[in-house]
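Before any comments, here is the structure.
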There are 2 protein chains.
Amino acid sequence: MVKVVAMYGHPEDKQAFDAHYFDKHIPLTEKIPGLKEVKVSKYDKDPMGNPSRYYIICEMYYDNMDELKSGLSSDEGRASAKDAMSLSGKSVTFMVGEDADG
Amino acid sequence: MVKVVAMYGHPEDKQAFDAHYFDKHIPLTEKIPGLKEVKVSKYDKDPMGNPSRYYIICEMYYDNMDELKSGLSSDEGRASAKDAMSLSGKSVTFMVGEDADG
């Protein structure tokens, strides 16, 4: 399994962000062909109590790199990416990776 | 379940980093009382082929926030944190969060 990770900075309006994110963005994302699993985690603070670097991290799993690339370049993948940018402007960071053994 | 996430920037010497990280740091971390699960993922590129923002993300799960705080402030937690800093200096970012529903 490989994954695309999207990391979102803290939005100014968390309630509006969450409504858009969970009610529109995630359903849009789940339409991407080849996407096997979506995991969302939320962050508020760092261990010292300061604001966390990111607000939401979303992990999107695919069987392999070919499936991942096909998914991202599909119409549904482009629609999801466009919506992610509209959600957060420049404050979303994407990475491609995989879970390590063990 | 709640988690501490550690995000490491790309090291100059990945082979040396990996040896330290997987052979010393993870075993040290796994001694932390209350720690239930450790998940490590590795990143190289972003979807455009540029270098990824982070190299490794480690998720450390605890049953609840009290267990997490106790774990981090334990001797083993402090030893793990000290080792993480020695691994990467200022290029490690910690956050506290939890998996969202669904």
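The values are calculated or read from the model by the stated rules, or taken from the named source; none is laboratory data. Quick caveat, the model's predicted, so the values are computed rather than measured. A quick note on method: Cβ atoms are made from the backbone with ideal geometry, for glycine too, and the neighbour counts reach across all protein chains shown. For the accessible areas, the whole protein counts, side chains as well, though only heavy atoms, and no ligand, DNA or RNA atoms are used. Shrake-Rupley method; radii C 1.70, N 1.55, O 1.52, S 1.80 Å.
Miscellaneous remarks
- For segment B:49-99, the square roots of the Cα gyration tensor eigenvalues, ordered a ≥ b ≥ c, give a/c of at least 1.5 with a/b no greater than b/c, which places it in the oblate category.
- Between A:A81, A:Q15, A:V96, the Cα set farthest toward the positive side of the dipole of chain A (charges on each charged residue's Cβ, about the Cα centre) is that of A:Q15.
- About the Cα centre, charge dipole magnitude for segment B:2-98 (Lys/Arg +1, Asp/Glu -1 at Cβ), debye: 220
- Whole-percent carbon and sulfur share, accessible surface of segment A:2-98, 1.4 Å: 50
- Label-to-label distances for A:G49 across copies, nearest first, come out at 4.8 nm, using points 7 Å from Cα in the beta-carbon direction.
- Our helix-only sum for chain B, with -39,500 (n - 2.57) per DSSP H run of n ≥ 4 divided by its residues, gives a mean residue ellipticity at 222 nm of -9000 deg cm²/dmol.
- Kirkwood hydrodynamic radius over Cα pairs of segment A:2-98, then Stokes diffusion coefficient at 4 °C and 1.567 mPa s, in µm²/s: 94
- Degrees, to the nearest 10: A:75-88 long Cα axis against longest axis of chain A: 10
- When each of A:K42/A:K82; A:K24/A:K69; A:K31/B:K39; A:K3/A:K39; A:K3/A:K36; A:K14/B:K3 is checked by Cα-Cα distance, pairs over 19 Å: A:K42/A:K82; A:K24/A:K69; A:K31/B:K39; A:K14/B:K3
- For the protein assembly as shown, the solvent-accessible area of protein heavy atoms averages 53 Å² per residue (probe radius 1.4 Å; ligands and nucleic acids excluded).
- Projecting 7 Å from Cα along the Cα-to-Cβ direction, the label point of A:S74 sits 4.3 nm from its equivalents in the other copies, listed shortest first.
- Computed FRET value (nearest 0.05) for A:S74 with B:A79, which takes r as the C-beta separation and R₀ as 45 Å: 0.45
- Computed over protein heavy atoms with a 1.4 angstrom probe, the accessible surface ordering of A:K82, B:K3, B:K42, A:K69, largest first, is A:K82, A:K69, B:K42, B:K3.
- Across chain B, the mean sequence separation of Cα contacts (distance under 8 Å, 6 or more residues apart), normalised by length, yields a relative contact order of 47 percent.
- Inter-copy label distances for A:D63: 3.9 nm (label point placed 7 Å from Cα along Cα→Cβ; shortest first).
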